[in-house]
Amino acid sequence: MTAVSRAVEQLTRDHEELIEGRAVTAGPLLEQLHQARYSSVGAGGSRGAASGMVLNVKAFDLYEDIDGKVRAWLDHYRQPHQGELTDAVTRLHQILQAEDTGGRLEHRDEMLGMFDVMVYQIENLLDPPHEKELLFPCPECGERYDDTVTMEQRGGREVEVMTRQAALRIPVRVGRALVAECHACGKLWATRDDLISLAESAGGVVDFAALAASGL
């Protein structure tokens, strides 16, 4: 099974995952994300007055973003884009495979890599991994830091608290492909060539192979 096919399987079907050394069956990631849109818990949630359910805004936005992109690409290829999102993703994968086989697929790495990006985004939202910070400016936007301002109760009053992290961060989880992300501009480096380019822009100071193997 290719990496792309594996990503599509994770998104659309029951599949096997290795968790703490044990093989377990997990449901389709898109269905997990769909269910996570409404929950009794969740950071950044807001309660709907009518239903009494808590809206997980991040899960809702991510699901809508993936849904919109998949159906837009199906429309681009003049293919039906109605129905369940899992079926739409499978159909888009089949179309891209056919285009690639025929030598017609432009921006091949980016197009085929979109499924890995979906897996990366969903897994990071549902089960946040350890993050490795890259302490050099983003080659896309030039930002080095990502500052987050939150409100906290201190001494009986609400105050602003700023948290500073590196803009460039890589979620690291054993057995998962590395994807670097700039949290300032949203740029992703998801393919092998992308990561090599990112390492070169940093003067070769990042050993992505060692990072992936460490899982730390």
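Output the residues belonging to the stretch 70-86 that are surrounded by 14 or more Cβ atoms within 10 Å (Cβ to Cβ) and part of a helix (DSSP H, G or I).
Listed by number, the residues that qualify are V70, R71, W73, L74, L85, T86.
Being modelled with pLDDT under 90 and not in a helix (DSSP H, G or I): is that true of P137 here?
Working: modelled with pLDDT under 90: no; not in a helix (DSSP H, G or I): yes.
The answer is no for P137.
For the stretch 166-188, give me the residue count where each residue is over 14 Å from P137 (Cβ atoms) and assigned to a strand (DSSP E or B). If you could, list the steps in order and put the result at the bottom.
Of all residues in the stretch 166-188, those over 14 Å from P137 (Cβ atoms) come to 170-179, 181, 186, 188.
Next, only the ones that are assigned to a strand (DSSP E or B) stay: 170-172, 181, 188.
Matching residues across the stretch 166-188 total 5.
What pairs can you find where one residue is in the stretch 93-105 and at pLDDT 95 or above and charged (D, E, K, R), the other is open to solvent by less than 40 Å² (accessible area, probe 1.4 Å) and not in a helix (DSSP H, G or I), and their Cβ atoms are less than 7 Å apart, with a gap of 6+ or different chains?
So the pair list comes out as E99/L105.
Out of all the residues in the stretch 164-173, is one or more touching a Cys at 6+ places or on another chain (Cβ under 6 Å) and surrounded by 12 or more Cβ atoms within 10 Å (Cβ to Cβ)?
yes
Within the stretch 100-110, can one find any residue that is part of a helix (DSSP H, G or I), closer than 17 Å to T12 by Cβ and open to solvent by less than 90 Å² (accessible area, probe 1.4 Å)?
Step one: filter the stretch 100-110 for residues part of a helix (DSSP H, G or I), giving 100-101, 108-110.
Keeping just the survivors that are closer than 17 Å to T12 by Cβ gives none.
So far as the stretch 100-110 goes, no, none of its residues is part of a helix (DSSP H, G or I), closer than 17 Å to T12 by Cβ and open to solvent by less than 90 Å² (accessible area, probe 1.4 Å).
For (1) modelled with pLDDT of 85 or more; (2) aliphatic (A, V, I, L, M); (3) touching a helix residue (DSSP H, G or I) at 6+ places or on another chain (Cβ under 6 Å), each residue gets a yes or a no:
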{"residue": "T2", "(1), (2), (3)": "no, no, no"}
{"residue": "S5", "(1), (2), (3)": "yes, no, no"}
{"residue": "E16", "(1), (2), (3)": "no, no, no"}
{"residue": "G27", "(1), (2), (3)": "yes, no, no"}
{"residue": "L33", "(1), (2), (3)": "yes, yes, yes"}
{"residue": "A49", "(1), (2), (3)": "no, yes, no"}
{"residue": "P80", "(1), (2), (3)": "yes, no, no"}
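Could you list, in sequence order, all residues of the stretch 51-78 that are at pLDDT 90 or above and hydroxyl-bearing (S, T, Y)?
Y63, Y77
Determine if the stretch 109-120 includes at least one residue that is out of contact with any His (no Cβ under 8 Å at 6 or more places or on another chain) and at positive phi.
We begin by selecting, within the stretch 109-120, every residue out of contact with any His (no Cβ under 8 Å at 6 or more places or on another chain); these are 109-114, 116-120.
Add one more test, that the residue is at positive phi, and what stays is none.
No, the conditions are met nowhere in the stretch 109-120.
Looking at P139, P129 in this structure, which one is of a type outside the set (S, T, Y) and within 18 Å of the chain's Cα centre (by Cα)?
Numbers: P139 fails: within 18 Å of the chain's Cα centre (by Cα).
Going through P139, P129 in turn, the sole match is P129.
State yes or no: is Y145 aromatic (F, W, Y) and open to solvent by 60 Å² or more (accessible area, probe 1.4 Å)?
Values: aromatic (F, W, Y): yes; open to solvent by 60 Å² or more (accessible area, probe 1.4 Å): yes.
Judged against the criteria, Y145 is a match.
How many residues are open to solvent by 90 Å² or more (accessible area, probe 1.4 Å) and either of a type in the set (D, E) or at pLDDT 90 or above (or both) if we restrict to the stretch 148-163?
2
On the basis of being out of contact with any strand residue (DSSP E or B) (no Cβ under 8 Å at 6 or more places or on another chain), open to solvent by 40 Å² or more (accessible area, probe 1.4 Å) and modelled with pLDDT under 85, does D127 make the cut? Walk me through how you get there before you give the answer.
Numbers: out of contact with any strand residue (DSSP E or B) (no Cβ under 8 Å at 6 or more places or on another chain): yes; open to solvent by 40 Å² or more (accessible area, probe 1.4 Å): yes; modelled with pLDDT under 85: yes.
Here the answer is yes, as D127 does meet what is asked.
The values are calculated or read from the model by the stated rules, or taken from the named source; none is laboratory data. Just so it is clear, the structure is predicted and the values come from calculations on it, not from any experiment. Counting neighbours? That spans all protein chains shown, and the Cβs are built from the backbone with ideal geometry, glycine included. Surface areas here come from the heavy atoms of the whole protein model, side chains and all, with no ligands, DNA or RNA. Shrake-Rupley method; radii C 1.70, N 1.55, O 1.52, S 1.80 Å.
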